[in-house]
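Q: Please see the structure below; I have some questions.
Read-outs: derived from the displayed coordinates by stated rules, not from any lab. What you see is a predicted model; the values in this text were computed from it and never measured. Note that each Cβ is placed from the backbone with ideal geometry, even for glycine, and that neighbours are counted across all protein chains shown.
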Amino acid sequence: MRTTDEIALDRAHLAATEADLREFEARYQMSTVEFFAKWQAGKMDDDMDFVEWASLAQMAEWIRERMETQKRRGNLFTQRGDHQR
């Protein structure tokens, strides 16, 4: 089980990453979802901004998935009454 500090760190990293994503969205007038779909389809240049944007999008998704996995694990332990993790 992860500590409260690790969970807080994930939240802080996600918030910072999402702030960076919003900057790209404003600069290019496109949502990250729309951009990433185009990126994966090969419809975007290999401009360094786009490489960074794609990397940040993947990082944000990875952090969200990790947080969700930990949430489900915590709920599983709580439901089982297993407080010794």
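Q: Taking θ = phi - 60°, what integer Hz values does the Karplus form 6.51 cos²θ - 1.76 cosθ + 1.60 yield along the stretch 5-14, in sequence order, with x for Gly and Pro?
A: Once rounded to whole Hz, the list reads 5, 5, 5, 4, 5, 4, 4, 5, 4, 5.
Q: Now for a separate question. Could you work out how much longer the chain between E6 and D49 gets when fully extended? Use 0.36 nm per residue separation minus the Cα distance between them, nm to one decimal.
A: Values: separation 43, 0.36 × 43 = 15.48 nm, distance 2.94 nm.
Full extension of this stretch gives 12.5 nm more.
Q: How high is the relative contact order of the stretch 4-69? Use alpha-carbon pairs under 8 Å, at least six apart in sequence, and give a whole percent.
A: Numbers: 28 pairs, mean separation 30.5, N = 66.
It rounds to 46 percent for the stretch 4-69.
Q: Note down the net charge around M59, summing +1 for each Lys or Arg and -1 for each Asp or Glu among other residues with Cβ under 13 Å from its Cβ.
A: Surrounding charge for M59 is -4.
Q: Please rank D5, D20, fewest neighbouring Cβ atoms within 10 Å first, as an exposure proxy.
A: Details: D5 8, D20 17.
In increasing order of surrounding Cβ atoms, one gets D5, D20.
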